[in-house]
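The values are calculated or read from the model by the stated rules, or taken from the named source; none is laboratory data. Treat the numbers as computed from the prediction; the structure is a model and nothing was measured. Cβ coordinates were reconstructed from backbone atoms using ideal geometry, including for glycine residues, and neighbour counts include every protein chain displayed.
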Amino acid sequence: MVNASHDINDSLSDLISLDASPKFMEEAFQEVANIISKALVVIGIFGILGNILTLVVYAKLGFSETIHMSYVALAVSDFGCLLTLLYMCFCFSYLLEAILLRYRMRTDITLFANFTGAWPHHGFTRTPAMLTAWVSFERCLCVIFPTRVKLMITRKVTKVVLAFIYVIGCCPVVLAFVGMQTEKVFDPETNFTTLILKYADQTQLNRANQIAFILYGAAYPLLSWVMVVVCATFLITALKRSVRWRSINSRASAGATGSGDAGSTKISLKETRVTRTVVIIACAFIFFSFPIAAIVVFALINREFSVNGELHFPLMISVAISFLFSGLNSSVNIVVYTITGSRFRSTLVHLFQPKLRKT
């Protein structure tokens, strides 16, 4: 009996048919896919638990600060990203094979996983990218307009923006299913039913499918990545200036006391901590999303870097690595919040204190 975990490890390698390509490239892809599949299961479980804890902690902290609303929206989309990653691993595991066998059904697992898992994953992956861009942009406005930003970005404005991002991030996934057909063919000799998933026109994509591919394959990842890079660069520069300003100001006012200065310093330090958190999240996004951005750019430059091109396996190895980085990007935020946020850290610890006392 084939072990289930072994089949999960082969999940990424089953995403495509391994046809006439150099043997060493096929072997390299198999090795990379097996390693990444193992890592994805561990990362996915950790990330899902981490995002659930993030939601619980911010629910307790409340939403008086608009940044908390953005963090929660980010956690929800990251949760969906990890869930769909694990689902795709499940699709290529022995478990799904056993379920289909029990109901005496067959299907093209690659197409089944693509329609039911990969496309929803694209939606959840691009949404946190745009949310990270929004959080970075919001923090830039806080630096540029420190006294007016609370009037500009209210809770109502934040809700509208977050809802809009979710709509444009997830809804276009529906376009990928336009023209898709399902068909069941029963074979009385084997007593098996074959489920066929296909596009009505198998020779070319329709206009709706093309829009979905352009949005998720190029526009969303590249625009989000560029915007986050620009905002992160600005915020890092602002942080350095803030540190220098506080250093000069503290030396100039050494020995002076006053409640007004203390309050101003407290607010400044609080805003600096939030900015530092956003910068770390933005830098993590830049690093972890770089592979997919590089894949998109290189695929646009070199037409052979495609599923049907000569660089078939290098593309698949790159995509496998981008899946791993995507999973990491959706899992690390709770670590960032815990390290940089004292209120988040204390609330998180408090959640486990009753259990710790019992033990």
For the range 67-124, give me the residue count where each residue is on the phi < 0 side of the Ramachandran plot and not in a helix (DSSP H, G or I).
7
Any chance the range 77-91 includes a residue that's touching a residue at least 40 places away in the same chain (Cβ under 8 Å) and either surrounded by fewer than 18 Cβ atoms within 10 Å (Cβ to Cβ) or over 18 Å from the mean Cα position of the chain (by Cα) (or both)?
yes
Filtering the range 54-69 down to residues that are buried (at least 17 other Cβ atoms within 10 Å of the Cβ) and under 17 Å from the mean Cα position of the chain (by Cα) yields Thr54
Could you list, in sequence order, the residues of the range 63-107 that are among the aliphatic types (A, V, I, L, M) and closer than 30 Å to Cys142 by Cβ?
Ile67, Met69, Val72, Ala73, Leu74, Ala75, Val76, Leu82
Within the range 86-109, identify whether any single residue is among the hydroxyl-bearing types (Ser, Thr, Tyr) and touching a Phe, Trp or Tyr at 6+ places or on another chain (Cβ under 9 Å), and answer yes or no.
no
Which helices (runs of 4 or more DSSP H) sit wholly inside the range 142-231 and have at least 1 residues that are over 27 Å from the mean Cα position of the chain (by Cα) and either modelled with pLDDT of 85 or more or at positive phi (or both)?
149-152
Restricted to the range 120-159 and to residues being under 27 Å from Ser289 (Cα atoms) and of a type in the set (S, T, N, Q), the residue surrounded by the fewest Cβ atoms within 10 Å (Cβ to Cβ) is Thr158
